[in-house]
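Worksheet: one structure, shown below.
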Amino acid sequence: MNSTIYIVIKKAGLKKSLFKSCFLLVLFYSLFITSHFAFSQIGTWQTHVSYQSGQSVAVIGSKIYAVTQNGFFYYDKTTNETTTLSKTSGLSDVGVSRLLYLADQKKLLIAFRNGNLDFLTLTDAGEPGPVANVNTIVSASNLPTSRAINHLNRIGNNAYLSTDFGVVVLDLLKNEIRDTYFSQRADGSPLPIYETAATNDSLYALTGPLRSTDMGLKLRAIRFAENVNIVDPANWRTITEPGLQLSSIVSNQGRLSATVNGVGLYERQTSKWVLTQSLTNSIIRQFPATTGPILATDQSITLLGFGQFSGSLLTDPREVVADGNTIWVADTKTGLLFGNAGQFQRIAPEGPTRDSFVSLYAYPQTLVALPSGPLDATLLTANQSLYDFFSVTSGRWNTGNATTTGLTRGFNSSAYLPAEQKLYLSSFGGGLWSQVEGQTPVAVALPATISPFISSLATDIDGNLWITTGRTVSSQQATLHVRRADGTFQSFSIVSQTNIVQIVPDDNGFLWLRPDLGGGLLVVDPQGNRSRFLTTQTGQGGLLSNSIRALVKDRNGSIWVGTDLGPTVFDSPYAAFDATIDAQPPLLNRRRLLANELITAIAVDGGNRKWIGTQKGVYHVAPDGSQLLDTFTAENSPLPNNTVQAIAIEPTTGKVFIETGPLGNSNGLVSYQSPATEPSETLESLTIFPNPVRPDFNGTVGINGLTENATVKILDAGGQLVYETKSQGGSATWNLRDYRGRQVQTGIYLVVVVTADGSEGLRGKLAVVR
């Protein structure tokens, strides 16, 4: 029997404070200013990672610390709350691999996949404090590229780190590396160490296969004595393993115990292996505990003296820790599990079901995260979702369950039609689907002339839904189709390419189609029944490269193109069918913007500013690209990885969602609260946040609900002008300084907004407490 507990997240590092002045509280609530919790402080980051890929767990009193592939959090058993931890909380890195609790030091040793190490100081209550970093491994210039820390084993005042290049001995008193044993294969390549176990006289290491082409783990050992140098490879000897599917090793009463998948438990007695328990499970592992090793399989976990724990939530236990008569499990498929009275419960902060998304799509109040590529026919594995979507207003993640639709492939594209208030979704092989908010997706019947292998969707200003397909049907060779606002379909035989991965309708009735890498661009005029390829040839597109990974229309109607050699722009897309047309790269300081950079994503915010993703981070530039506004990298921000896969901007709040990490090895999704939102058609209400401004606030005040290019004036209680600015899209910002750069004092400030043509005005109030 299983159950799942979803816990409301508290952000680590944020402090709650009371607004002590009753007078100001009453005043604040009488200001009649629209407020909404969906608006975050401008410039803040939020992590949106999956908590279903458990890697390690540590029990520290009433706190349970757990890590997943890209997430880190702790659970308070007394309050049933979880608190997420990340770089914004003070950690030095992302991608935790293992945890080790140092009870005598009241510290948690945190090991990262890149070899970095953090020592997290803990309070008496087990809550996180300051972080000390040891970056010796990650910053070393003479180590192999792969430096993952796979296991931590404390022996006395030393921690033995099993890494992808050998065994590292860490002095826990001095927080410094003491010794390193470089394990190598016969060909000189690094031999990974996955785990160590110490018996009365030896240290055993579970290694990778002795040849990279071989299968199965191996064993090595070294005599444990002060006069034996662990660094010398000659002192290590090969130990015959008990079986081909060797899985784990632990020390049991001074002897070495090993598990072999599909066979059972072995103990090494007088240099021989003895089978002590026969098992047929596909996964068999053991974990150390004070009462004796914990036996874990893919079906049950046995804790000596307290019986078995089982349930369908248990699939692949990577680490198990005893906590009295209960257990805590880090499961690679289901995350953190709490075992009590023989059953399991899942405990997780809010997050998506996975970390890897190929593309992102945002419409008002919602982010859609899509797991499949445009031409991806890969089948979903068990319990994988069709897609994940995030409600910006509630801060909750939801998922599209494959079992309710019968689909076997994930969704690869989406488009929202405001007139219908429906989200349309497609699947490569699963056809077209529509979804009303809060309901399950429903299949949309397609004509027999349209293949169900849909590669992309897009909507235009007339409410049409454009569709491209990656395969044709026998009666129709067209791969471009449209669903009209009245529900009828039409196909266009002028397009028969099966490699179209994106559609961008422009303001002139043309469609800009992005073929797969190397195909340049294809512009289509559906009404005129004509098409044209644009390439690197001068006069025929003038592209920087035919390899294009990003395509977007900005708020002025220009088409921005992200190539492998930088961005370029078609400022006059209406001239797409003129005799000659060439894109022009944006210029920054009279040089090409991001020249020769591989552009992976481009998104446009409400102020028409561009957010450009690369393999070196995210660049935020002015509307025409002539000014670099911000640069975000893994080194200067909470961005988990410099490689950006996708960017989407939710229009009503201006949140910028960024998918990071290389394909197949994602570092997850993060969001950044930008200062620009979509402009309103008319001035109706203002959202001023935060309001009131408390003494501990050091950020920027945001003013939302504005029209394009509106004038915003800040006046003090005496009517004196303090600050003036223009809206960026639907937002304006104030850094709480006057026009002379001086910090403003405690008081009530009047916010006056006037539209660009002066026809409308609106005012609000802002309380500042210093």
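The values are calculated or read from the model by the stated rules, or taken from the named source; none is laboratory data. Note that the structure is a prediction, hence the values are computed from the model and not measured. Note that each Cβ is placed from the backbone with ideal geometry, even for glycine, and that neighbours are counted across all protein chains shown.
Residue check, Gln497 against (1) over 27 Å from Ala415 (Cα atoms); (2) of a type in the set (S, T, N, Q); (3) at pLDDT below 95, all met but one. Which one?
(1)
Name the one entry in Asp214, Asp164, Asp187 that is charged (D, E, K, R), under 22 Å from Ser247 (Cα atoms) and over 30 Å from the mean Cα position of the chain (by Cα).
Sole residue among the options that is charged (D, E, K, R), under 22 Å from Ser247 (Cα atoms) and over 30 Å from the mean Cα position of the chain (by Cα): Asp214.
Please identify the pairs in which a residue from the range 541-555 that is under 22 Å from Gly373 (Cβ atoms) and modelled with pLDDT of 95 or more has its Cβ atom under 7 Å from the Cβ atom of a residue that is aliphatic (A, V, I, L, M) and in a loop (DSSP other than H, G, I, E, B), counting only partners at least 6 apart or on another chain.
Pairs found: Ser545/Leu565; Ser547/Leu517.
Within the range 397-418, track down each residue that is modelled with pLDDT under 95 and out of contact with any Pro (no Cβ under 9 Å at 6 or more places or on another chain).
Correct list: Asn398, Asn401, Ala402, Thr403, Gly406, Thr408, Arg409.
Where residues in the range 365-384 are surrounded by fewer than 22 Cβ atoms within 10 Å (Cβ to Cβ) and touching a strand residue (DSSP E or B) at 6+ places or on another chain (Cβ under 8 Å), which of them is farthest from Ser455 (Cα to Cα)? Don't jump to the end; show me each part of the working.
The initial filter retains those residues of the range 365-384 that are surrounded by fewer than 22 Cβ atoms within 10 Å (Cβ to Cβ), namely 365-366, 373, 375-384.
In the following step, the residues that additionally are touching a strand residue (DSSP E or B) at 6+ places or on another chain (Cβ under 8 Å) were identified as 365-366, 373, 375-377.
Values: Gln365: 25, Thr366: 22, Gly373: 8, Leu375: 6, Asp376: 8, Ala377: 10 Å.
Looking at the filtered set, the residue picked out is Gln365.
Test of understanding: among Arg147, Arg154, Arg223, which residue is in contact with a strand residue (DSSP E or B) (Cβ under 7 Å, 6 or more places away or on another chain), among the charged types (D, E, K, R) and surrounded by 19 or more Cβ atoms within 10 Å (Cβ to Cβ)? Walk me through how you get there before you give the answer.
Working: Arg154 fails: surrounded by 19 or more Cβ atoms within 10 Å (Cβ to Cβ); Arg223 fails: surrounded by 19 or more Cβ atoms within 10 Å (Cβ to Cβ).
Of the residues listed, the single one that is in contact with a strand residue (DSSP E or B) (Cβ under 7 Å, 6 or more places away or on another chain), among the charged types (D, E, K, R) and surrounded by 19 or more Cβ atoms within 10 Å (Cβ to Cβ) is Arg147.
Would you check if there is a residue in the range 126-149 being outside any loop (DSSP other than H, G, I, E, B), on the phi > 0 side of the Ramachandran plot and at pLDDT 95 or above?
no
Filter the range 210-239 down to residues that are in a loop (DSSP other than H, G, I, E, B) and either farther than 20 Å from Asn261 by Cβ or modelled with pLDDT of 95 or more (or both), then give me how many there are.
14
Which strands (runs of 3 or more DSSP E) does the range 406-445 wholly contain that include 3 or more residues that are aliphatic (A, V, I, L, M) and touching a Phe, Trp or Tyr at 6+ places or on another chain (Cβ under 8 Å)?
442-444
Could you list, in sequence order, the residues of the range 617-633 that are closer than 18 Å to Ser92 by Cα and either without any contact (Cβ under 8 Å) to a residue 40 or more places away in the chain or not assigned by the TED database to the domain that holds Glu659 (or both)?
Across the range 617-633, the qualifying residues are Gly617, Thr633.
Starting from residues that are in a loop (DSSP other than H, G, I, E, B) and surrounded by 15 or more Cβ atoms within 10 Å (Cβ to Cβ), keep the ones in the range 701-734 and report whichever is farthest from the chain's Cα centre (by Cα).
Asp716
So is Thr568 more than 23 Å from the chain's Cα centre (by Cα), part of a strand (DSSP E or B) and not acidic (Asp, Glu) or not?
Here the answer is yes, as Thr568 does meet what is asked.
Kindly indicate the residue of the range 385-425 that is farther than 19 Å from Leu457 by Cβ and of a type in the set (Val, Ile, Thr) and also surrounded by the fewest Cβ atoms within 10 Å (Cβ to Cβ) among those meeting that condition.
Among those that are farther than 19 Å from Leu457 by Cβ and of a type in the set (Val, Ile, Thr), it is Thr403.
Return yes when Ser671 is modelled with pLDDT under 95 and either touching a Ser or Thr at 6+ places or on another chain (Cβ under 6 Å) or within 30 Å of Asn114 (Cα to Cα) (or both) and no when it is not.
The answer is no for Ser671.
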